[in-house]
Structure formats: C-alpha cells, structure tokens
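These notes concern the structure reproduced below.
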Amino acid sequence: MNSPTWRVALAAALAPTVWGTTYLVVAELLPPGRPLLAALLRALPAGLVLLAATRTLPRGEWWWRSLVLGGLNIGLFFSLLFIAAYRLPGGVAATLGAISPLVATGLGAVLLGERARPAALAAGAAGVLGVALLVLDGRAALDPVGVGAGLLGALVMALGLVLTRRWQPPVGLLASTSWQLLGGAVVLLPLTWVIEGLPLASLTATNLAGYAWLSTVGTAGAYLVWFRGVQRLPVSRSSVLGLLSPLVATGVGWAVLDEVLTTRQAGGALLVLLAVLAGQLAGTSRRRTRPETRPGTRPGRAAPAATATRRPALLPAGPVACVQGAGRDAA
C-alpha cells in the first residue's frame, strides 16, 4: 500500500463526512421549498472568499473548463441534490445518490482508460445495498420528480468527478476550487432568480446559520480536501468515499434527532464501511505504462547516447511548449 495515497484518501473522506450533515441542515434550518437558493448561497460566498484569498483568475481554456466543471460539480449537482432532498425522504435520496461510484467507475474506464476492476464494481454494488439497508423505509413515498433529480444528480456527480480527474488545473488547489465554485454560481444565479427569486430579506437568523454552515465547512472546506483527493486518486477510490455521506447522515439523525437505529440499519452501516474499504484496496494497484521510446529503437532497448560528432537536429529556436498530463488533459 502507498501510505501517501492513503493519507490523501483519509483527508478526502472528510468531505462526504461533512456532507452527511446536509439533510439535517435542510430539514431543521433552511426555509422550505428553496432548493436553488440553498445551492446558490452554498457556492457563491465560498467561491468569492477563496478567490479573494488567491487573487488568481482562469486563463485561456480554463475559463470554459471552470464553467463546465463548476456547472457539473456545483451548479447542477447542488440543484439536483437539494431538489431530491426537498421532495424525497432522506433515505431514498441517499440511496439514489449511492449509485454514483458505479457510474463514475464506468466513466473512468471510458474517458480516462482506468481499468474497471471487478473488485471496485463489487464494492460499489455492495455500497448501494448497504445504503439501502441503512436508510430506506418501505413506507417511503416516491415522488417522480425527486427520483429523477436523485438519479440525474448521481450521473452529474460521476461525470464531474471524472472530468476533474482528467483536467488537471495549472494552479493551486485554492484557486482551482474557487473557479469551480464560482462557475457553479454563474449557472445557479439566473436559474434561482427566474424560478425562485431572491427574497433574501425574508431569511431568518436560523436560515442564515444553516447557509453559513453549508457554505464554509460544507463547501469551502470540504471541497478543498475533496478536489485534492479527486485529482490524486483513481476514480474508483475517490467516488466510493461518497458512500460515507448517508452513513454520517444516519448517525447524525440517531445522535441529534433521537432516531432509533435498528439491527438492519446497523448491518447496512457495516456493509457501507466494508464497501468503502474494499474500494480503497481495489484501486491501489496502478496500471503499467509502456515506456516511451525514440524512433529507430526497439521497445525495451535504450536509445543511443548522443555524441559530439552526431549532427544536431534542426529545431526552431526558442522555448518548446510541453503538454502536461497528455492523455487525461485533452481538451
């Protein structure tokens, strides 16, 4: 095992741990029926604070890339997350979101060339089953709009995760996170204005406290460690960490709201933990890459060393631009 990557995974796991408080905050602190406003006030303040701290704007292609990544990871995902949270019981919404690791593993195989290992797929499937045992209630009513939002949110999260892994930013983590948060806010602002309006004056102190928690700890802090993990870990490892969110949500409900934890839920919680651990173990081995060879040499044989009598190649003067991360940073 690679100890540095395990430390990255443990740090990244803090993000879904914090996100597990989202359903409690929505239910207890936020105004009803305002999912887009909740998403906007979660992303915009956090993005502005991080941008002010770094004072670094995107350049070139990173303007549209930040908009795409922010739209997927923040704008669309937050909107769909809160729509599902408002229209569905928390258990149903969490179970629908639990399919995201399976989708992300498949997309990682297609877009990144990462091998979809059977062990990783099995861990994802076990995680869905564990979450279902943990949070589903047979008496829960299924709202079609909420179910659609939950499924689409899982797909959007998976695609955003894979593209974040594919497009490695040329700046530090603080700056790139601020770009994504503000890119998501750009998507959310007109939607919120048209669909819900922005009656901020009607918000209570309790509402503001909920939004403050989601924006600072639940977004700025959580996404910093999350994007760091996404950029450094295989998709199969980072995506399965999201299963911790419904686990924490159930634990918070038990600890704060005095909800009863049944034997079935305890078994589901154990299955979720095993699935997360299995997902980390399944993604630790790395792919072998073919060593680069020069023209005229056989694979596995070193190229001849240059000598003083060899004619120099005719290259244009000046610096030569190098493409970083070729193979995953393709436009």
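The values are calculated or read from the model by the stated rules, or taken from the named source; none is laboratory data. Bear in mind that the values here come from a model prediction, so they are computed numbers and not experimental data. For neighbour counting, all protein chains shown are included, and Cβ atoms are generated from backbone atoms with ideal geometry for every residue, glycine included.
Results for (1) farther than 24 Å from VAL225 by Cβ; (2) buried (at least 24 other Cβ atoms within 10 Å of the Cβ); (3) of a type outside the set (A, V, I, L, M, F, W, C); (4) under 16 Å from the mean Cα position of the chain (by Cα), shown as yes or no for each residue.
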position	(1), (2), (3), (4)
PRO31	yes, no, yes, no
ARG65	no, no, yes, yes
GLY97	no, yes, yes, yes
VAL103	no, no, no, yes
GLY113	yes, no, yes, no
ALA120	no, yes, no, no
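Taken as a whole, the structure places SER245 among residues that are within 15 Å of THR21 (Cα to Cα), in a helix (DSSP H, G or I) and among the polar types (S, T, N, Q). I'd like to verify a number: residues in the range 188-201 that are under 17 Å from LEU36 (Cβ atoms) and free of Cβ contacts under 8 Å to residues at least 12 places away in the same chain, how many? Matching residues across the range 188-201 total 6. When the range 253-274 is filtered for residues that are in contact with a Leu (Cβ under 6 Å, 6 or more places away or on another chain) and surrounded by 17 or more Cβ atoms within 10 Å (Cβ to Cβ), the ones remaining, listed by number, are GLN265, GLY268, ALA269, VAL272. Pairing each residue of the range 260-272 that is within 7 Å of LEU134 (Cα to Cα) with any residue that is buried (at least 19 other Cβ atoms within 10 Å of the Cβ) and not aliphatic (A, V, I, L, M), provided the two are 6+ apart or on different chains, yields C-beta distances under 7 Å for GLN265/THR250; GLY268/GLY130; ALA269/THR250.
Regarding the range 255-265, can at least one residue be identified that is assigned to a helix (DSSP H, G or I), more than 13 Å from the chain's Cα centre (by Cα) and over 24 Å from ALA85 (Cα atoms)? Working first, answer last.
Going residue by residue through the range 255-265, those that are assigned to a helix (DSSP H, G or I) are 255-256, 263-265.
Subset that is more than 13 Å from the chain's Cα centre (by Cα): 255-256, 263-265.
Restricting the remaining residues to those that are over 24 Å from ALA85 (Cα atoms) gives 263.
The answer is yes, given that some residue of the range 255-265 is assigned to a helix (DSSP H, G or I), more than 13 Å from the chain's Cα centre (by Cα) and over 24 Å from ALA85 (Cα atoms).
Determine whether THR250 is in a helix (DSSP H, G or I), among the hydroxyl-bearing types (Ser, Thr, Tyr), at pLDDT 75 or above and farther than 21 Å from LEU96 by Cβ. It is false that THR250 is in a helix (DSSP H, G or I), among the hydroxyl-bearing types (Ser, Thr, Tyr), at pLDDT 75 or above and farther than 21 Å from LEU96 by Cβ. Inspection of the range 35-53 finds no residue satisfying the criterion of being of a type in the set (Lys, Arg) and more than 16 Å from the chain's Cα centre (by Cα). Is it the case that some residue within the range 130-152 is within 29 Å of GLY279 (Cβ to Cβ) and within 14 Å of the chain's Cα centre (by Cα)? Looking through the range 130-152, none of the residues is within 29 Å of GLY279 (Cβ to Cβ) and within 14 Å of the chain's Cα centre (by Cα). If you go through the range 66-123 and keep only what is of a type in the set (D, E, K, R) and at pLDDT 80 or above, you end up with GLU114, ARG115, ARG117.
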